[in-house]
Amino acid sequence: MHKPLFNKLTFLLKLIILVVCTPILLSCSAQKNHVFYQSTFNFSAIKEYSFYVSDSPFYNSQSLSHDQRNRVEIAIEKALLKKNLVYTEPANAEMIVTYHLTKGSRTDYQAYNKVVRFCAACLKANTWQKHNNQWQVYNEGLIIDFVDPVKKRSVWRSISPLKFKPKDSGAERNQKIINAVDDMITQYLK
């Protein structure tokens, strides 16, 4: 085979491989945030939110250090402030914000779901859910729930992988939490 023809065929083959493989690689590396919400809840009326207090069943549903809790809560507060939501005492809150760091423990995840009364089947019954069949709980992921303080039930959930690496420093882990929270909260219905 002539060298110029061989070079052209090699280039063409590489180009085909690149065109075929790029979408696959991008879909594998893309961070997927899933958002599920109750379509009948009036999210636009929400102006104030709170977190559950430290002696609540939510607080006891997962074993997180105070440092971990502070990192997540500060990231959530900053992201919600961008949405013009302000923090208030739980008794005055129109929405309670909860979160869960998944660690691979199914029991931990189930205990958290029980506390926030999350019902995937209930949310999937909403009309908005018919087009979305993807539901995945990531190992080392972050879940944020918005809980209706009257019904004490999750009405909005987002989940995102954190992709922690063993070599990540505390600052790197914190930045991954901030990025995940920002990505999830930007999808909040307002």
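The values are calculated or read from the model by the stated rules, or taken from the named source; none is laboratory data. Quick caveat: nothing in here was measured; it's all calculated off a predicted structure. Cβ atoms come from the backbone with ideal geometry, glycine included; neighbour counts cover every protein chain shown.
State whether the residues of segment 70-93 include one that is in contact with a Pro (Cβ under 8 Å, 6 or more places away or on another chain), surrounded by fewer than 18 Cβ atoms within 10 Å (Cβ to Cβ), in a helix (DSSP H, G or I) and modelled with pLDDT of 90 or more. Scanning segment 70-93, I find at least one residue that is in contact with a Pro (Cβ under 8 Å, 6 or more places away or on another chain), surrounded by fewer than 18 Cβ atoms within 10 Å (Cβ to Cβ), in a helix (DSSP H, G or I) and modelled with pLDDT of 90 or more, so the answer is yes. Could you tell me which residue of segment 117-148 is modelled with the highest pLDDT, considering only residues that are surrounded by fewer than 13 Cβ atoms within 10 Å (Cβ to Cβ) and part of a helix (DSSP H, G or I)? Going through the qualifying residues, I end up with Ala121.
The set of residues in segment 149-170 being of a type outside the set (Gly, Ala, Ser) and part of a strand (DSSP E or B) consists of Arg153, Val155, Trp156, Arg157, Ile159, Pro161.
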